[in-house]
Amino acid sequence: MRRLLEGSQAIASAVAACRPRVISAYPITPQTHIVEALAEMVARGELAAECLNVESEFAAASVVLGATAAGTRAYTATSSQGLLLMSEVLYNIAGLRLPVVLTCANRAVSAPLSIWNDHQDVMAVRDAGWIQLFAADNQEAVDLHPQAYRLAELLRVPVMVNVDGFILTHAFEPVDVPSTADVDQFLAEPTLNLLDPRVPRTIGMMAEPNTFLETRYAQHQATLTALDVIPSVGQEYRSRFGRPGVQLVKSYRLEDAVVAVVSLGSLAGTIRDAIDRLRDSGQPVGAVEIQTYRPFPSAELRRLVGHCDKIGVLEKALAPGTPDGAIVASEIKAALYGQPRPPEVQSYVLGLGGRDVTVDDVCRIVADLQRGPSRDDAASGHFIGLDRSMLGEDPAASVVTMGRPRDTDPLESLSVNGIRSKARPE
């Protein structure tokens, strides 16, 4: 039955339907509502689980590592700096091949401080060895969590479900949350137990140089295996629940498209609206939504966009020091390299720190692709919405400063990264 729920509450309900027995997280905006809702379910006796309060995200990740190694199903959630604080343990969880599921409410990484959405946090740990899934809306966010546990426990590879902070976590949408009974039929009981006292063993021990490479290679191959397993899990989910299952890549009006727009996460809805507007004006444009970012779906992307002339990749993260700031576009270029007529791929960095991305923005990006990039943009990248008048004569010269003389009005102005902005409304 469809219910109107806040995204975080919907995600918590989906996680509860998976029956995790250990939940541990540290509060951080915008993921806090997820674990708050789960804690309330435990307190009301609706979920038989233990919620462990910890002093940091590092500790939360360590708790679910130990719980999963001991044979139980565990869950955690985080965001932004919290995910980065977990990073050491994320590598350990993946290296130990533990089927943990984590929800990342994607948020910008400071400095400067921002609580709003972009994908810088997840991109910072994209090579930690986790399967990474992205939700376009709250129904997808709900449906991805049971499938995340199924994948993690089939492959012994941890899974991170990414949901855009605030845009999804705090938005109310009608969603259909699967029942616990139905999810019980979809998920098997966990069987992994590395800490059985009847079978003494050591885990996570030091690897000598003559074994480390082989261990990493096995982990790499297990993650690549997900490229074959994800579609079959998605098909089974669809047949059981009557809703689309997890996919590697989704497409929209792409069949005869000359130009394709690629994105991850909640940008998909805005892009679809833009595609509809452009199609109505006779422009052959389509969209690609990467739902599985790790493992990277190179072959599927080649199949879907190989016929296009131009591809615009909308990126909510930045790789400082690279020629165009691109992350995802660089991987798409690598996937298309060696094709007889590879499409031209351009990166468009946008939406950082929660800046709004509109249908008009997407239409202008398509127009830029059709026109062809200027020499300056091709060399230094496209930064959508960038107000160069705020940067001063030498944007590279400033360092992070935030302050004011002691005798000035505290609301008069602030300087951040050399950018002066009035804090007092006119």
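Points worth noting:
- Residues satisfying the stated conditions in segment 293-325, i.e. more than 23 Å from A108 (Cβ to Cβ) and in a strand (DSSP E or B): K310, I311
- Hey, R198 charged (D, E, K, R) and farther than 30 Å from R303 by Cβ or not: yes
- Selection status of G245, under 24 Å from P231 (Cα atoms) and in a helix (DSSP H, G or I): no
- Residues satisfying the stated conditions in segment 13-27, i.e. surrounded by fewer than 21 Cβ atoms within 10 Å (Cβ to Cβ) and β-branched (V, I, T): V22
- The set of residues in segment 98-116 that are of a type outside the set (A, V, I, L, M), in a loop (DSSP other than H, G, I, E, B) and closer than 17 Å to V161 by Cα comprises P99, R107.
- Among the candidates L264, L227, the residue that is crowded, with 24+ Cβ neighbours inside 10 Å, under 26 Å from F186 (Cβ atoms) and not β-branched (V, I, T) is uniquely L264.
- Residue count for segment 147-164, restricted to those that are of a type in the set (G, A, S) and within 16 Å of F134 (Cβ to Cβ): 1.
- Selected residue (criterion: surrounded by the fewest Cβ atoms within 10 Å (Cβ to Cβ)) from residues of segment 40-74 that are in contact with a Lys or Arg (Cβ under 9 Å, 6 or more places away or on another chain) and more than 22 Å from R201 (Cα to Cα): A48
- The sole residue among L278, L227 that is in the same structural domain as A17 (by TED's automatic domain parsing) and either in contact (Cβ under 8 Å) with a residue 40 or more places away in the chain or closer than 20 Å to V101 by Cβ (or both) is L227.
- Residue satisfying condition, being of a type in the set (K, R), surrounded by fewer than 19 Cβ atoms within 10 Å (Cβ to Cβ), modelled with pLDDT of 95 or more and touching a Cys at 6+ places or on another chain (Cβ under 8 Å), within set R253, R277: R277
- For segment 248-282, taking the residues that are out of contact with any strand residue (DSSP E or B) (no Cβ under 7 Å at 6 or more places or on another chain) and in a helix (DSSP H, G or I), the one that is nearest to S232 (Cα to Cα) is identified as G269.
The values are calculated or read from the model by the stated rules, or taken from the named source; none is laboratory data. Quick caveat, the model's predicted, so the values are computed rather than measured. In this analysis, Cβ positions are derived from the backbone assuming ideal geometry, glycine residues included, and neighbour counts consider all displayed protein chains.
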